[in-house]
Amino acid sequence: MAMTKKKTFDAVASSRRWRLATSKLLNRMTPEEQIEFLNRRLTGQTGVVPTKAKREPAHR
């Protein structure tokens, strides 16, 4: 008989909490502040990990 692990982290619930918190924060900002905030997040100034650089295809 297979044993199942008890779930310790609910990714869907966490995602919903993060999205709700971000929405509340953005709703208090002007459109200009929203753009600045989101651009700052995208450039990694607040701890967001930058995406990997695009790799060149291997030559045969």
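The values are calculated or read from the model by the stated rules, or taken from the named source; none is laboratory data. None of these values were measured; they are calculated from a predicted model. Here the Cβ positions follow ideal geometry from the backbone for every residue, glycine too, while neighbour counts run over all protein chains shown. For accessibility, only protein heavy atoms count, side chains too; no ligands or nucleic acids. Shrake-Rupley method; radii C 1.70, N 1.55, O 1.52, S 1.80 Å.
For Arg41, work out the one condition from (1) open to solvent by 70 Å² or more (accessible area, probe 1.4 Å); (2) at pLDDT 90 or above; (3) assigned to a helix (DSSP H, G or I) it doesn't fulfil.
(2)
Please enumerate the residues belonging to region 7-29 that are surrounded by 10 or more Cβ atoms within 10 Å (Cβ to Cβ) and of a type in the set (Val, Ile, Thr).
The one that is surrounded by 10 or more Cβ atoms within 10 Å (Cβ to Cβ) and of a type in the set (Val, Ile, Thr): Thr22.
List the number of the failed condition for Arg16; all other conditions in (1) at pLDDT 95 or above; (2) at positive phi; (3) not aliphatic (A, V, I, L, M) hold.
(2)
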